[in-house]
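Down below is the structure, laid out as structure tokens.
The values are calculated or read from the model by the stated rules, or taken from the named source; none is laboratory data. All values derive from a computational prediction rather than experimental measurement. Neighbour counts run over all protein chains shown; Cβ positions are idealised from the backbone, glycine included.
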Amino acid sequence: MIKNYIENANFEDTGFSYTLSLISGKYKMVILYCLMEFEIVRFNELKRYLKTVTDKTLSNHLKELESDGLIIRKEYPQIPPKVEYSLSDRGKSLMDVLEQLCIWGEKNRE
């Protein structure tokens, strides 16, 4: 069945390709994983968790994840500014996939 699906479809038209387009990028899956673990996270907490990410890269990934409907950005009107990120329902639906990647990694770690 999978072989026929692959033979009869352009890769760009597959669900696999679409999913990869949403989570591709060095930090996107890690951001999603962090939000799955901690539920609500602020920008600086994400930055500390990711360690080597620049402000610009983190900001760009968060904007892309938000525009793809995977995360929710909540801004509070206060000084200093406070912004929190969390998974949207659509993002939560992707967590089963990430969890399976974690399980596979634990089982196959050398």
Does residue 87 fit the bill of being touching a helix residue (DSSP H, G or I) at 6+ places or on another chain (Cβ under 9 Å) and within 15 Å of residue 39 (Cβ to Cβ)? yes
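Out of all the residues in region 9-31, is one or more of a type in the set (A, V, I, L, M, F, W, C) and at pLDDT 90 or above?
yes
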Identify, from the list 88, 93, the residue that is of a type outside the set (A, V, I, L, M), surrounded by 15 or more Cβ atoms within 10 Å (Cβ to Cβ) and under 16 Å from residue 19 (Cβ atoms). 88
Among the residues of region 24-34, is any touching a Ser or Thr at 6+ places or on another chain (Cβ under 9 Å), at positive phi and free of Cβ contacts under 8 Å to residues at least 40 places away in the same chain? yes
Checklist (1) at pLDDT 90 or above; (2) closer than 28 Å to residue 16 by Cα applied to residue 109, failing item: (1)
Filter result for the condition that a residue is out of contact with any Asp or Glu (no Cβ under 7 Å at 6 or more places or on another chain) and modelled with pLDDT of 85 or more, over 71, 2: 71
